[in-house]
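For reference, the structure is listed below as structure tokens.
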Amino acid sequence: MDTPPAETFYEPLDEDRFAGTAATAGPWSPGLQHGGPVSALLGRAFERHDPVPGTRVARVTVEILTPVPVAPLRVAVRTVRPGRRVSMLEGELFHDERPVARATGWRIVAAPDHIEPTDHAPAPPPLPAAPQAVAAWPGAHLGGYLSAMEWRYTEGSFTGRGPGRTWARARVPLVAGEDDTPLVRALVLADSASGVGAQHDFAKLQVINTDVTVALHRDPVGEWICMDARVHASPRGSGLAQASLADASGEFGQVLQTLLVDEQRP
């Protein structure tokens, strides 16, 4: 198995400032972060902001304003719609006091214990027993996020044409010295939907998401998450990535991404 490029995605500098490590680097450049750790850092901030007992963060939408450098970031969160049962949170990530990402999150009171569970999705495939080597398209940076995650595909691959389905887990924590929460584990993976379900040759086309929305009807259980993803694109249109997220017990959430689809440029 490959060695993770760092022991954590972020090193804390103080309460709201974090240094991105080499593990955050995405496949496009060793100097730019993957959206997974960025999303998870904002989700972590939502969970810690004025917590209300008995509630959970049920939906997070992250808007990526500009490529996020592998560098120190500052996170800020505020409540824009307070409430005991439903509240909306807003967060921003700054690099050198310039906003690089924004997010909103809905925090909702947890459903009563007696609510009957409903699940209309098929059960996920079993977790493959054997580890798989990290692989991607020619020119991709493999030494960052792709190596900090462990991937076990059951359908498709980063080098093939989607749809794709993989079990995955982070091999390092989001923040040094902390255990990842279920929300953080889901967000670290969610931004990979367009890669897991890729339909196009990334060596010839740019397929880059402008945002990611993650909605979870329950918290995932365990470190492994199964992502079943597909990408839609049309001439004179744009791209759309969709994915379902499941654990060993079944589906627990959905992912949606808006995609830029364009010719590769220098």
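Suppose we keep only residues that are closer than 30 Å to residue 92 by Cα and over 22 Å from the mean Cα position of the chain (by Cα) within the range 102-128. Which one would you say is surrounded by the most Cβ atoms within 10 Å (Cβ to Cβ)?
Selected residue: 109.
Which residues, taken from the range 230-244, are assigned to a strand (DSSP E or B) and either without any contact (Cβ under 8 Å) to a residue 40 or more places away in the chain or basic (Lys, Arg) (or both)?
If the condition is that a residue be assigned to a strand (DSSP E or B) and either without any contact (Cβ under 8 Å) to a residue 40 or more places away in the chain or basic (Lys, Arg) (or both), then 230, 232, 233, 240 are the ones that fit.
Conditions (1) within 19 Å of residue 136 (Cβ to Cβ); (2) open to solvent by less than 40 Å² (accessible area, probe 1.4 Å); (3) in a strand (DSSP E or B), marked per residue:
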site: 178; (1), (2), (3): no, no, no
site: 206; (1), (2), (3): yes, no, yes
site: 221; (1), (2), (3): no, no, no
site: 246; (1), (2), (3): no, yes, yes
site: 257; (1), (2), (3): yes, yes, yes
site: 265; (1), (2), (3): no, no, no
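So, in the range 1-46, exactly how many residues are hydrophobic (A, V, I, L, M, F, W, C) and either open to solvent by less than 10 Å² (accessible area, probe 1.4 Å) or part of a helix (DSSP H, G or I) (or both)?
The initial filter retains those residues of the range 1-46 that are hydrophobic (A, V, I, L, M, F, W, C), namely 1, 6, 9, 13, 18-19, 22-23, 25, 28, 32, 38, 40-42, 45-46.
Remaining after also requiring either open to solvent by less than 10 Å² (accessible area, probe 1.4 Å) or part of a helix (DSSP H, G or I) (or both): 9, 18, 22-23, 25, 38, 40-42, 45-46.
Selection size over the range 1-46: 11.
Confirm whether residue 134 is assigned to a loop (DSSP other than H, G, I, E, B), in contact with an Asp or Glu (Cβ under 7 Å, 6 or more places away or on another chain) and modelled with pLDDT of 95 or more.
Working: assigned to a loop (DSSP other than H, G, I, E, B): yes; in contact with an Asp or Glu (Cβ under 7 Å, 6 or more places away or on another chain): yes; modelled with pLDDT of 95 or more: no.
Against the criterion (assigned to a loop (DSSP other than H, G, I, E, B), in contact with an Asp or Glu (Cβ under 7 Å, 6 or more places away or on another chain) and modelled with pLDDT of 95 or more), residue 134 does not qualify.
Could you say whether any residue in the range 251-261 is more than 19 Å from residue 44 (Cα to Cα) and modelled with pLDDT under 90?
Residues of the range 251-261 that are more than 19 Å from residue 44 (Cα to Cα), as a first pass: 251, 256-261.
After this cut, where a residue has to be modelled with pLDDT under 90 as well, the list is 260-261.
There is at least one residue in the range 251-261 that is more than 19 Å from residue 44 (Cα to Cα) and modelled with pLDDT under 90.
Which members of the range 1-46 meet the condition of being in contact (Cβ under 8 Å) with a residue 24 or more places away in the chain, out of contact with any helix residue (DSSP H, G or I) (no Cβ under 6 Å at 6 or more places or on another chain) and among the charged types (D, E, K, R)?
Within the range 1-46, 7, 11, 16, 17 meet the criteria.
Which residue out of 181, 210 is in contact with a Leu (Cβ under 7 Å, 6 or more places away or on another chain) and hydroxyl-bearing (Ser, Thr, Tyr)?
210
Conditions tested, residue by residue: (1) in a strand (DSSP E or B); (2) crowded, with 17+ Cβ neighbours inside 10 Å.
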residue: 140; (1), (2): no, yes
residue: 159; (1), (2): no, no
residue: 166; (1), (2): yes, yes
residue: 228; (1), (2): yes, yes
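Got a number for residues in the range 76-131 being within 23 Å of residue 48 (Cα to Cα), free of Cβ contacts under 8 Å to residues at least 24 places away in the same chain and of a type in the set (Gly, Ala, Ser)?
Qualifying residue count, the range 76-131: 2.
The values are calculated or read from the model by the stated rules, or taken from the named source; none is laboratory data. Because the structure is predicted, anything quoted here is derived from the model rather than measured. Cβ coordinates were reconstructed from backbone atoms using ideal geometry, including for glycine residues, and neighbour counts include every protein chain displayed. Accessible surface areas use protein heavy atoms only, side chains included; no ligands, DNA or RNA. Shrake-Rupley method; radii C 1.70, N 1.55, O 1.52, S 1.80 Å.
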